[in-house]
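Have a look at the structure below before the remarks.
The values are calculated or read from the model by the stated rules, or taken from the named source; none is laboratory data. All values reported here derive from a predicted model rather than from experimental measurement. Cβ placement follows ideal geometry from the backbone for every residue including glycine, while neighbour counts extend to all protein chains displayed.
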């Protein structure tokens, strides 16, 4: 497989996961979420789409770098795959627990686990290829901000 198909697959997978989670929870975003009390530092709604689009592309590109590194031996180490997929799954589940289930207890636990998994993902990718880990730092920063925002929303409601 040449580089172009690998990069396309690497970029599309996280974006598809995001699209599925958005589709599954859109009604909660457009109704329930609008009724919640939010802190003064809550970003405008229009900001989330471009930020998450960029972050998901960065997540995909990070994986592309790891996939490319191990391309010659035809196998990405299982632990790297598990860590990557677990953090993507937790990311997907945050939307489900927050917007879909509207369950504050679950989404606080979910985002805490996601935050830990992103750190683990950064560390293990960095050890394999520095740029693959470093490109995930904005993702960690955004999820850190989202964690504070989630807690504030939880506290206000």
Residue 156 vs (1) under 30 Å from residue 26 (Cα atoms); (2) surrounded by fewer than 16 Cβ atoms within 10 Å (Cβ to Cβ); (3) touching a residue at least 24 places away in the same chain (Cβ under 8 Å); (4) under 19 Å from the mean Cα position of the chain (by Cα): all pass except (4)
Single condition residue 77 does not satisfy, out of (1) modelled with pLDDT under 90; (2) exposed (fewer than 12 other Cβ atoms within 10 Å of the Cβ): (2)
Spot the failing condition for residue 109; the list is (1) crowded, with 20+ Cβ neighbours inside 10 Å; (2) at pLDDT below 95, and only one is missed. (1)
Residues being farther than 28 Å from residue 30 by Cβ, under 15 Å from the mean Cα position of the chain (by Cα) and surrounded by fewer than 19 Cβ atoms within 10 Å (Cβ to Cβ) - total across the range 112-133: 3
Unmet criterion (only one of (1) modelled with pLDDT under 85; (2) outside any loop (DSSP other than H, G, I, E, B); (3) over 23 Å from residue 144 (Cα atoms)) for residue 4: (1)
Evaluate the range 86-93: report whether one residue or more is over 20 Å from residue 23 (Cα atoms), surrounded by fewer than 19 Cβ atoms within 10 Å (Cβ to Cβ) and either within 13 Å of the chain's Cα centre (by Cα) or modelled with pLDDT of 95 or more (or both). yes
